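Notes for the one structure printed next.
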Amino acid sequence: MIDRRNFIKAGVAAACGGALWPFVPQARAAGGAYELIAAAGEVRIEDGQQAPTRVMHYNQSIPGPLLRIPQGRESVIRFRNQLDEPSTVHWHGMRIDNAMDGVPGMTQAPVAPGEEFEYRLTPPDAGTYWYHSHLRSWFQQDMGLAGVLIVDEAEPPRVDRDLVLAIDDWRFDEAMQMDTASFGSMHDWAHGGRLGNYLTANGKPEETFAVASGERVRLRLVNTANARIMNLLLEEPQLSIVALDGQPVAPHEPDGGRIRLAPGQRCDLIVDLVGDPGQRSRIEVVVGEYAYEIARFAYGPEVRRQQLLDSPIALPDNPLNRLRLPGDFVNVTMVMEGGAMGGMRGAKYQGREMDIRELVKLGKAWSINGIVDLPDEPLIRVERGTAVSLHMVNDNAWPHAMHVHGHHFIDDRNPGAWRDTSLLARGETRTLRFVADNPGKWLIHCHMAEHMAAGMVTWFEVT
Ligand SMILES: [Cu+2]
């Protein structure tokens, strides 16, 4: 399906722009607060496209404006909803006040059309995060309501450039309009989610980073797609992963230049550019047997002489890195069932046992511990400071990107990193351990937006 990208491009001369980021100056309003305005609108993904693509966007930009806020101090982001439907904003991966988490009906009322909501964020941890609609995200996020948020370190590692690469996928028709007829398709919802046929890098068909030989750059990779797992391949030989899901890790090389990002996941790299002037090196998304060049480093003629090679690349620790997991945990098991070829016969939905045919008629296909959608009672209710061990059993035929709100966890398959989203392969079992230290009601859900909408969501409460 993704080769329609080539089909579309065959008809339209694709020009590659050199701009680094769709910087939107109006994001910063008077008084230092950000303004984030959600509205329906039009954008040109490709320079030469005949009619602009109708989308939903923040501040008329796809992706939304890059928000940069400081660590440990409050930032105000005034969200104004100019859509003709309610919306909220979720700040993915941020350990912030529960009332700011942006989950409609749980942490706040939906923001009605024409209304506003002031998000006050005091992030304890620096790093690469992102934000997106959390109301009907299978529609609103897919229509374009997503952007990148950076919490700056007080003392970041020295680099020559700090680059962002937000990767998304879209399902377009031949006129480069959203394929709206297939929104809500039960086939998508019961399979791998709404996979697109067109990939974008920072809202464009390709991103070009103009660089110089000898430079050191920080590259922040963000997967903002609804459902697609991005398998990335970088041609640069001198790469180190320095953060995962925003949180510092011991610098290490990605295996063979390959990085896998599930929806919602991020990866920060430090890249020492060792190519020659005039060279190009590719960043590709590998889909099946195809590799799509989504971005590239384009070396200019100059060479950077004063190299930073001797300066350290490890990020400074966040408060999260100083958190120690105790030996005793409250244990909870989560069995995820359903989907096509999954064998789920039925589950409880809205307090009633239903068979799978009845569930599918109601747009539901997934369950956690036999329950579809949010249960009345939380999966677990614990006192603040309790250590929780979530034993996840992915008992179905599909991968899932499981996201815990308001907390980072240590995944037993990847014990060196504090993550907020964990990718479970079909049939896989993982144990996620964290300290429930943030009071409130928090979601745990699959970040394939269609899986969440079709039932794969639960919640826990910290008192
Ligand atoms: Cu899923």
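The values are calculated or read from the model by the stated rules, or taken from the named source; none is laboratory data. This structure is a prediction, so every number in the text was calculated from the model and none was measured. Cβ: placed from backbone, ideal geometry, glycine included. Neighbour counts: every protein chain shown. These accessible areas exclude ligands, DNA and RNA; they are computed on the full protein's heavy atoms, side chains included. Shrake-Rupley method; radii C 1.70, N 1.55, O 1.52, S 1.80 Å.
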Check: What aspartates and glutamates sit close enough to residue 204 to cross-link, taking a C-alpha to C-alpha distance under 16 Å and skipping anything fewer than 8 places away on the same chain?
Finding: 42, 46, 47, 142, 168, 169, 284, 293
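Please say if region 336-463 is rounded, prolate or oblate, where rounded means a/c under 1.5 for a ≥ b ≥ c the square roots of the C-alpha gyration tensor eigenvalues, and otherwise the choice is prolate for a/b larger than b/c and oblate otherwise?
Details: a/c = 2.41, a/b = 1.44, b/c = 1.67.
It comes out oblate by the Cα gyration axes.
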Notebook entry, point to check: Given R₀ = 45 Å, FRET efficiency for residue 369-residue 260 by Cβ-Cβ distance, to 0.05?
Noted result: 0.95
Checklist line | Cα gyration tensor shape of region 276-412, rounded if a/c is under 1.5, else prolate or oblate by comparing a/b with b/c | finding: oblate
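Taking the DSSP beta bridges in the chain as the whole, what percent of them are antiparallel, to the nearest 5? Before the final figure, lay out the partial values.
Details: 95 of 130 bridges.
In the chain, DSSP labels about 75 percent of beta bridges as antiparallel.
About its Cα centre, what dipole magnitude does the chain give when the only charges are +1 on Lys and Arg Cβ and -1 on Asp and Glu Cβ, stated in debye to the nearest 20?
Numbers: 46 positive and 60 negative charges, 19 e Å.
I would put it at about 80 debye.
What is the percent carbon and sulfur in the accessible area of region 48-169, measuring with a 1.4 Å probe over the protein chains and ignoring ligands? Show your work: numbers first, answer last.
On the way: 1840 of 4140 Å².
Here it works out to 44 percent.
Just to confirm, what accessible area per residue do you get for the chain at 1.4 Å probe, in whole Å²?
Working: 18150 Å² over 463 residues.
That works out to 39 Å² per residue.
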Next item on the list: Assign one of three labels to region 395-463, namely rounded, prolate or oblate, based on the Cα gyration tensor with a ≥ b ≥ c the square roots of its eigenvalues; rounded applies when a/c is under 1.5, prolate when it is not and a/b is larger than b/c, and oblate otherwise.
Entry: oblate
Check: Between region 30-76 and region 219-238, how many Å separate their Cα centres?
Finding: 21
Note to self: Between residue 54 and residue 328, what is the label-point separation in nm under the 7 Å Cα-to-beta-carbon projection?
What the structure shows: 6.0
Notebook entry, point to check: What's the center-to-center distance, using Cα atoms, between region 325-341 and region 96-135 in Å?
Noted result: 26
Checklist line | Cut-off of 10 Å, at most 14 other beta carbons, DSSP loop: longest stretch of the chain lacking such GluC sites (Glu not before Pro) | finding: 175-288
Check: So how far apart, in nm, are the two label points at residue 78 and residue 162 if each is 7 Å from Cα heading toward Cβ?
Finding: 2.5
